[in-house]
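The values are calculated or read from the model by the stated rules, or taken from the named source; none is laboratory data. No experiment lies behind these values; they were computed from the predicted model shown. Cβ placement follows ideal geometry from the backbone for every residue including glycine, while neighbour counts extend to all protein chains displayed. When the accessible area is computed, the model is the full protein with side chains, heavy atoms only, and any ligands, DNA or RNA have been set aside. Shrake-Rupley method; radii C 1.70, N 1.55, O 1.52, S 1.80 Å.
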Amino acid sequence: MRQNPSETLRRVLPKVREVLHVAGVEIQLTAAASFLTILQEESVSIHTYAHSFLQIILLHLEHRDAGVSNAWLETLLSVIEALPKETLRHEILNPLVSKAQLSQTIQSRLVSCKILGKLTNKFDGHTIKREIIPLVKSLCQDVEYEVRSCMCRHLENIAQGIGADLTKSVVLPELIELSRDEGCSVRLAAFETLVNLLDIFDADDRSQTILPLVKSFCEKSFKADESILISLSFHLGKLCHGLYGIFTPDQHLRFLEFYKKLCTLGLQQENGHNENQIPSQILEQEKKYISVRKNCAYNFPAMIVFVDPKNFHLELYSTFFCLCHDPEVPVRYTIAICFYEVSKLLNSGVYLIHKELITLLQDESLEVLDALIDHLPEILELMSTGGENNIQENKLSSLPDLIPALTAAEQRAAASLKWRTHEKLLQKYACLPHVISSDQIYYRFLQRMFTIMMTNNVLPVQKAASRTLCIFLRYNRKQEQRHEVIQKLIEQLGQGKSYWSRLRFLDTCEFIIEIFSKSFFCKYFFLPAIELTHDPVANVRMKLCYLLPKVKSTLKIPADKHLLQQLEMCVRKLLCQEKDKDVLAIVKRTVLELDRMEMSMDSFQKKFYEKDLLDQEKEREELLLLEMEQLEKEKQQNDGRPMSEKTFEKKRRDTKTPTNLPKSIPISVPGPSSSSPSTSKEIKKSKLIRSQSINNQAFHAKYGNLDKCASKSSTAAYAPSLSGLAKTSMISLTDDSFRTRNASSLSSSFSPNSPLPSTSRGTGNSVDPKSSGSKDTQPRKATLKSRKSNP
């Protein structure tokens, strides 16, 4: 049909028609799928399709195999969407009158129900009322309950096609009658259709007609089959929402009690099971009870709206407690999924469910934990602020069990084989700087991230731990702790015995570039990273080559010219000395990419304004952390009094740094001042206030953008061309390449208390490159001694 439709219709289709009369199930299913594909691809016009294929489809609708019949019916229903009205009337609607008669088979009448549900949207109201509605009424009164149930389920489509007026006069009476049917499946279909059509009916119909039906249905449900309870529990939230406002206080209370009863169904059987039941029946009944409680957990947020969040503690807390402690995993899994919605609805009352959060975090099932951590950052944020916008007071201090629960959850995930849950949990832990203190993170979580990076065997888990560790480092409030973490990263990863550790160090460098300012990376990680160009393992050198463009993007000219020269020297050595052909090929491609890059300048450039502004904000926040530590120490030495709210706001506004200032404007740092002591003290206090908000305001603003902070591409205006490096011999570097820079650079604020392999923009030490190394002997050590390079 794609290549030659006319000849296929003339010569092939007749053969297909002959074969289908005696074909087996597989050929029938394939033919139905092929006919549908031809329609969807529009291989022929719709008129040609109707003339050639429609009769074949209609002929096989009543195939003796149910699967084949359903396949042809699905094809027909798709064809109905595309056929013109006249074709539908003559080819489908007119024959349907005879197909829907009682004299036809049950299968024929069931097919007629489904076709009628589809045809309603294709005709005008007059045609529907005259030709379709009589058929619908006839099938609703069919002698077989399967037909009545099937037609009842398609009344929703018919109601949407005929409008509200006809629905009230034609469909509603049929639904009322079917809701009293002797067949359980028919009553269930009528109930579900009524719930789905609630929006169509007005308030009078809901209060006078539908509410009594629903009330009767609920009262009889416990005496009927458990399958009715499953459907009722699933639709109860939608039902309460649709009927909200027409309940009397008594009816409101009765529906609430009915919901509570469903939430504990099967858990409070004082006399045990019926003695006449066999074990298989008991097991089947238990499964149905579990489904009911699971549906109740699904509808719990809707029931909070139903009772009003203000009444949660009085009306629904005990029910929520039962669902969180349900003995069955599917129930707890569902309530864990809904936990975030419940937290949002409770708002300032979110403290009421603190204990249930701990319970679900400590759940023995990892499925429950996996469901809960999808929205863990948002949940913890609501908990920490008490559901309010006030971020000055952290409410999690009243929840001492949170940190043990979080650490225990991570250990359970790590001990399991479900590494995706472990990876997701580590990713979500990146929100912790926003909700708990820096010291708590340092002592309870940060070392654990190191351990995972060093010992875990799953690469995505290691990378998740690495990124989260970088975020912990980014918002750590103590300089001594930051330097310790940096030193561990360089010594245990960058200079580690195992090449696997050194690969993870390069992953960490990539996250550092993404999360921190350019000056931070250049100060601490630039030289340790490029020294790996001399790594003895080819895979490490190869990974570094891929990272070099991002490394170069952190440099600014002319301030980092000496670092650029060292980068060029390493690339030259790779080109001249690399023996691995795969690494060499990547080096050559990387050289071309480096050559095309443009370097960032110290001053703002219009081309890179947004990226430079973002980097400036990162650098300012890093400096504020240093200021904060110093000012907090000074505050502890003074008998400071608490500031009033007005003073707090005034000082915060006065010291707020505009985001669009050029980088050349200096950032104030505490130090000697010619102003009066009182003025200096006020300035320090204001800086302290500003600094204390870094964990909340800065993190809240930046955490959501971390994923958007792609590693900055940047520019090579002052960089010598690298495209011909492979052809040139080694060029001697002057002593200026290794001279120290002026120590007055902004980044000098990061000066460590303990010695670190620093490449600060305030220092310019060179690398003594290694040409060999081992992953099994002693750790690699960075030699950062200044020397002169001879050609």
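Odds and ends about this structure:
- Protein heavy-atom accessible surface, 1.4 Å probe, per residue over segment 1-41: 69 Å².
- Accessible solvent surface per residue of segment 330-481, calculated while the other protein chains remain in place, 1.4 angstrom probe, Å²: 40 Å²
- Segment 275-392 - percent relative contact order, Cα under 8 Å, separation 6 or more: 26 percent
- Distance between the C-alpha centres of segment 28-101 and segment 526-547: 64 Å, rounded to the whole angstrom.
- Per atom type, segment 162-215 shows carbon and sulfur on 46% of its accessible surface, probed at 1.4 Å.
- Sequence of Lys238, Lys552 from largest to smallest accessible area, 1.4 Å probe: Lys238, Lys552
- Asn121-Lys581 FRET efficiency (beta carbon distance; Förster radius 60 Å; 0.05 resolution): 0.40
- Relative contact order (percent, whole number), segment 488-601, Cα cutoff 8 Å, 6+ residue spacing: 25 percent
- Annotation: extensible slack from Gln281 through Ala408 equals 41.8 nm (criterion: 0.36 nm per residue apart, minus Cα-Cα distance).
- 19 Å tail of the calculated P(r), segment 278-351, as % of Cα pairs: 36 percent
- FRET efficiency estimate (nearest 0.05) - Cβ-Cβ, Thr48 to Gln160, R0 56 angstrom: 0.95
- Accessible surface of segment 335-494, 1.4 Å probe, proportion on carbon and sulfur as whole %: 47 percent
- Gyration tensor verdict on segment 142-227 (Cα atoms; rounded if a/c is under 1.5, prolate if a/b is larger than b/c, oblate otherwise): oblate
- Seen from all directions on average, segment 4-108 presents a Cα convex hull projection of 6.7 nm².
- In this simple spin-label approximation, Ile27 and Lys588 carry label points 7 Å from Cα along the Cα→Cβ vector, and these lie 5.9 nm apart.
- Computed from point charges on the beta carbon alone (+1 for Lys and Arg, -1 for Asp and Glu), the dipole magnitude for segment 59-131 about its Cα centre is near 240 Debye.
- FRET efficiency estimate (nearest 0.05) - Cβ-Cβ, Lys310 to Asp439, R0 51 angstrom: 0.85
- Share of pairwise Cα-Cα distances greater than 29 Å in segment 325-484 is 17 percent (whole percent).
- Pairs from Lys611/Lys633; Lys418/Lys523; Lys463/Lys518; Lys478/Lys611; Lys463/Lys588; Lys424/Lys633 whose Cα-Cα separation, in the structure shown, is over 32 Å: Lys611/Lys633; Lys418/Lys523; Lys424/Lys633
- Each peptide in 283-296, 81-94 gets a packing score, the mean of other Cβ atoms within 10 Å over its residues, and the list from highest to lowest is 283-296, 81-94.
- Additional length obtainable on full extension of the chain from Asn539 to Ser169, 0.36 nm per residue less Cα span: 125.6 nm
- Listed cross-link partners Lys497/Lys581; Lys238/Lys261; Lys215/Lys287 are compared with a 22 Å cut-off, the Cα-Cα value being larger for Lys497/Lys581; Lys215/Lys287.
- Taking label positions 7 Å along the Cα-Cβ direction at both Asn457 and Lys15, the computed distance is 5.7 nm, reported to one decimal.
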